[in-house]
């Protein structure tokens, strides 16, 4: 066989990075390409070891440049100069995360959180008055929700906004140190206004948490009267973001400062709201902020891709130890252990990519998309809750995945991975807080479990984690698996699985799907039973909840794992190019079997895996690693991260490497 | 019952932090106290966000102060102004790790690595001429072993030292970019001399890797002729250490620059060595550097303790979410999930503390201790190999434990854990490279496995990981469990375990010990069988090795896990105070059962746990978390970390916290 034939034969059956990238880039490929092009400007080159002040200035300058690109406008309604294409906006944000994550978070605060609060919690007059300046960054703003004493439990924040009907103003007050607004991005330096979340009181009556627009600095950049601003100082990462603390002492704002979509106050102090129940209102308001979680999740996805691109390329270039009878040393990615470190993480990154794609599509569908105004309030409640649950679960899973993956990539690159020039240190440090902000991951998983346990009932939102225990004990709750959009293909695959587990290959997708589904249902049934028993034994609800907390988290994780798998399966099913689909199929096997290998104890304990079959998972993962090893390079190329953003000399060609190794790129 | 009685009753049965600390401080308590006292000087306060140059200067200034304390002298023979108390020296180093880890690494390079190379690889004239200046830091030095292209595979380094018999000099040469000495601490700025590892050639014959003392800077601090010095630049952490790259072009050093304990060159170029076999000689030389691994392991232990002190104290102060019918919010350490994050890690830190204690004791016993000169060459070979194996395994286990624990502590402190003022970011960043330097952890575990497989035979050291496959295939290797010093107590406990697993409580120490032992032996037998079968099937040795690499690593981990458990059991057995012993017993249970819970899949697969019993492990871990929750504060107090070094405002009392929160301590 001649070389030419050989090449042709190969081309005929193998996937190409370009085809695969097309599949990954998906519906909003155009914005991905635009952002890729924008970020190649040296202005956006990744940096490290920059003095905090300088980094903050650089990020603000970068943000001003971005303000002139189409990206930010995508997020806002057309009526106010935006493009109203939220799916594209969030996809662009995901792509932007290949660059400096300080810039990402800074712009996320400005457009996503501050702008998002005005869009979703405000009404037309707020939109008209502020959105143009928010988009162009003429009005840099903050999202002042978290307090020193209350991060995860937003409902308990203690900042107050009391209506003074004699002047028609709200008085904003920070009652004590624990109520200081903390970790607020844009606060320490650039913010001029803040969306401040506070307990609203009118005519002596409390109405729960609402947001108000409060000026914090005057035109000269000095704090407004009554506003104290403190710098949070240096952080593990994201030091280009000026996080700060805000405290308010008798700060007065006019009545229309209240973002009044879900609750408005008349001149005489009369309070009205379209949602009567206070807790329900609270969760509806919080629900509009789901976009922040989707965005962080996307950022964690891109950071994982960047780290894997660096580590895989290094693994394909670095040699160490001689094989016997061989002159050349072994490529480190040829060692099984190195494959086991990198390739399952790469496969799971693919799985999570498609989960993120679905999440963005749902966000787009719920929050408006092509319509002229963004109509969160009109969205179907069930769709919205499904979105919130998926967002909470994927955000938690994705950000933990990023933390573990980037850490492992650092280690897989040895000493080179510890040098800042090779980007992994900054990626690690910047993303580390992703597991905490926009909802602590553990708390988010409890939110997922709560939804599953309360079965999308109206009571949702009225139950805290503890109330949930009573609710479950009181109701006949039956565990129902809510299928993803992949319903039909998943059911088809499950239906053809023979009855006995042992008769089926571990590579049988239907068997894998059935196993994931069975675990979720079984765990959900189990925790329901335990809660009910605990309550009927007369135990304290806190003790009941606390004694099953690990089980609750398992339920949530099992749920998300199943959804992620189903969404991966559906994405492969949609894939039109057979070679690409075949490759993705192998990647899906590696993802699924390494998940099953990780969790095989549970399946052994519950009689769904025999010991022999469980051991077989380890062999199968090893086989898949060997099988995907030749595709490793292609799999990271398909992420399409420009070399200017990969940046790490160890991940670039010989020549570029030598040059860059001498110093930081200009 | 009156309050007084209550207190007395409590005191009678409960352990105190002081008693526990006495047990932990152990044999070299005095040096721990000395170092604690020294480090309370504001000069040594932990720092962050310091410009690299300033940090390097500060660390050098701190090191000069330390040079005047007894610590460094402990490492060196009495004949040259030292104290020859290596166990105390390494214990002091461990304690010093409560402070800035840049200082630790800087001094570790100077006294441990550079000084250690001279002590262990040099002979009397090197000792006389250099050690006094090394101790006092008049001669700042480097340890130039790692090359850009060779870190883990030191035997393949390519720097050459060629003897020129016409001038009686060695010519040091860096043949290419991959042979540049890389990541060398003290090189970028302060080092004046380097112990350079190079392939030695005399009279056209190669003798393998040897170390030579090569001046790299003159008295004015300028690079010596032929020496190129490059700065490694910014790193993830440890930026107070000036890591650099060294390249040599025709650099000539006199004949006595060769550290010639294991190989000397006569004026005419004749080479002689007490160890004929080149590979064996190489491993003997490397073996003298075991002290570096023991030291890094100790540093990782202290960093874990510091992080846990911060996270546990925060967990005992921070409240979030209301329990039903309760005015006060719940302390976060009262949540089961929070306990499950922190307490098993705390228990394993205790386990590893006692493993480290044994490691230091073995190091002290092998390398001299009270004797006037440090006599590494005379040590019993078997003891030395046992020490090397234990050091490799504990270093790998400890540093991964530190990485995971510190990460988890950061997350457990939420946003506060991300602020540099709360120390966790710096702890994470500084320790991250511990899994890589002084031996990459994966490579070290292979070293452990190799030792187990070759059963302390003479062939040890002559086999690389691949040669091992042939060796195992050719020999009748029987898996023999080498008992730790805890032999008698362990055997006694195992002997009284009833026959059937199911009849025994999971808290039965003998049952736990038997299980750990059985796993090691079974895994070792299994991997031996697989290697032999692979070779007899005629497969390529590399493929055979590679296909069992994950199994090999499992063997090593099982071995270390058993040793760590046995050493913990022995430590409790030695503990004279019954209340302290009882508490340690609970801690040991939590450590052991959480290990078993983590690895329960393996035991299920191998029929040593029934599904019911495996599930029981999870309940038992939960029970132990609840049980140890009231002791959490005491368990971290017993580490005895001075508040000045804990430093994090979130881990200090209200008042100190408020003051420190305003800015970095002076």
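The values are calculated or read from the model by the stated rules, or taken from the named source; none is laboratory data. This is a predicted model, so every value here is computed, not measured. Positions of Cβ are backbone-derived with ideal geometry, glycine not excepted, and every protein chain shown enters the neighbour counts.
Check region A:96-119 and report whether any residue there is at pLDDT below 95 and surrounded by fewer than 24 Cβ atoms within 10 Å (Cβ to Cβ). So far as region A:96-119 goes, no, none of its residues is at pLDDT below 95 and surrounded by fewer than 24 Cβ atoms within 10 Å (Cβ to Cβ).
Here A:138, A:217 are screened, and the one residue that is over 25 Å from residue A:441 (Cβ atoms), crowded, with 19+ Cβ neighbours inside 10 Å and at pLDDT 95 or above is A:217. Scanning region A:595-634 for residues that are buried (at least 22 other Cβ atoms within 10 Å of the Cβ) and part of a loop (DSSP other than H, G, I, E, B) yields a total of 1. When each of A:523, A:558 is tested for being more than 14 Å from chain B (Cβ to nearest Cβ), part of a helix (DSSP H, G or I), in contact with a helix residue (DSSP H, G or I) (Cβ under 9 Å, 6 or more places away or on another chain) and buried (at least 18 other Cβ atoms within 10 Å of the Cβ), the lone residue that passes is A:558.
Among the conditions (1) within 14 Å of chain A (Cβ to nearest Cβ); (2) not in a helix (DSSP H, G or I), the only one that residue B:54 does not satisfy is (2).
Has region A:152-164 got any residue that is at pLDDT 95 or above, within 14 Å of chain B (Cβ to nearest Cβ) and not in a loop (DSSP other than H, G, I, E, B)? So far as region A:152-164 goes, no, none of its residues is at pLDDT 95 or above, within 14 Å of chain B (Cβ to nearest Cβ) and not in a loop (DSSP other than H, G, I, E, B).
Scanning region A:424-433 for residues that are more than 8 Å from chain B (Cβ to nearest Cβ) and farther than 10 Å from residue A:307 by Cβ yields A:426, A:430. Selection of region B:383-403 for residues being more than 17 Å from residue B:356 (Cβ to Cβ) and in contact (Cβ under 8 Å) with a residue 24 or more places away in the chain yields B:384, B:385. The condition of being buried (at least 23 other Cβ atoms within 10 Å of the Cβ), within 11 Å of chain B (Cβ to nearest Cβ) and at pLDDT below 85 holds for only one of A:469, A:421, that being A:469. Reported count of residues in region A:217-255, each being within 14 Å of chain B (Cβ to nearest Cβ) and either in a strand (DSSP E or B) or touching a residue at least 40 places away in the same chain (Cβ under 8 Å) (or both), is 18. In the condition set (1) in a helix (DSSP H, G or I); (2) at pLDDT below 95, residue B:576 is compliant with all but (1). Residue A:71 passes every criterion in (1) touching a helix residue (DSSP H, G or I) at 6+ places or on another chain (Cβ under 6 Å); (2) at pLDDT 95 or above; (3) part of a helix (DSSP H, G or I) apart from (2).
When residue B:415 is tested against the conditions (1) within 14 Å of chain A (Cβ to nearest Cβ); (2) modelled with pLDDT of 90 or more; (3) within 21 Å of residue B:562 (Cβ to Cβ), the lone failure is (3). Exactly one residue out of B:500, B:562, B:529, B:519 is more than 30 Å from the chain's Cα centre (by Cα) and at pLDDT 90 or above, and it is B:529.
Can you give me the number of residues within region B:167-209 that are closer than 22 Å to residue B:133 by Cβ and either at pLDDT below 95 or more than 14 Å from every other protein chain (Cβ to nearest Cβ) (or both)? Qualifying residue count for the region: 12. For region B:486-497, the criterion of being more than 14 Å from every other protein chain (Cβ to nearest Cβ), within 24 Å of residue B:552 (Cβ to Cβ), in a loop (DSSP other than H, G, I, E, B) and at pLDDT below 90 is met by no residue.
When residue B:409 is tested against (1) more than 11 Å from every other protein chain (Cβ to nearest Cβ); (2) surrounded by 24 or more Cβ atoms within 10 Å (Cβ to Cβ); (3) over 22 Å from residue A:152 (Cβ atoms), just one condition goes unmet, and that condition is (3).
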